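Working notes, structure below.
Values quoted throughout were computed directly from the atomic coordinates according to the rules given, and no laboratory measurement underlies them. Model, not experiment: these values are computed from the prediction. Heads up, the Cβs are rebuilt from the backbone with ideal geometry, glycines too, and the neighbour counts pull from every protein chain shown.
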Amino acid sequence: MNIQEITNELQAYQNELEKLIETDDINILVERLANTASYHARVGYLLAEAKMLLRQKKSDEIANMVRVIAKEGHLSGKARNALVDSIAIVENHAVDWADRLNSMCVHQIDVMRTLISKEKEEMRVQGYGDY
């Protein structure tokens, strides 16, 4: 899997997670909860993949920089790190994005659980079966 495939998939999940949560029907909430749990699992995997690609890119670039620096002189650790981070901008962005989507899934799952509990309690109070 490459970084473009990861970002394409992240965009699809972003689009899904940006949709409003419908609260009118408990069955829709339950379905959305199940889907979001699935997204959460997949985004976690994509986060790990993006981190691996980021580490790989940084490792490759550090090896290249060491060769260049050895030829041309000394570069401070801070300058080296800034250079490596600037080289891996796309990978860093994918890691940050996947991390935020992962967090968004957790928050949406919590919201949906709360909404489902509220619906169940309202049904119980209104005398709809044994909830």
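Quick one: putting +1 on the C-beta of Lys and Arg, -1 on the C-beta of Asp and Glu, what dipole do you get for region 22-64 around its Cα centre, in Debye to the nearest 20?
Values: 6 positive and 7 negative charges, 89 e Å.
With only Lys, Arg, Asp and Glu charged at Cβ, the dipole is about 420 debye.
Report the local net charge at Ile21: Lys and Arg +1, Asp and Glu -1, summed over other residues whose C-beta lies under 13 Å from its C-beta. Around Ile21, the surrounding residues sum to -4. Remark: the chain is approximated by an ellipsoid whose semi-axes, taken from the C-alpha gyration tensor as √(5λ), come to 47, 12, 9 Å, largest first.
For region 9-22, the Karplus equation 6.51 cos²θ - 1.76 cosθ + 1.60, evaluated at θ = phi - 60°, returns couplings of 5, 4, 5, 4, 5, 4, 4, 5, 6, 7, 5, 5, 8, 6 Hz by residue, with Gly and Pro reported as x. Short-range pairs are left out: with C-alpha atoms under 8 Å and at least six residues apart, the relative contact order of region 25-125 is 53 percent.
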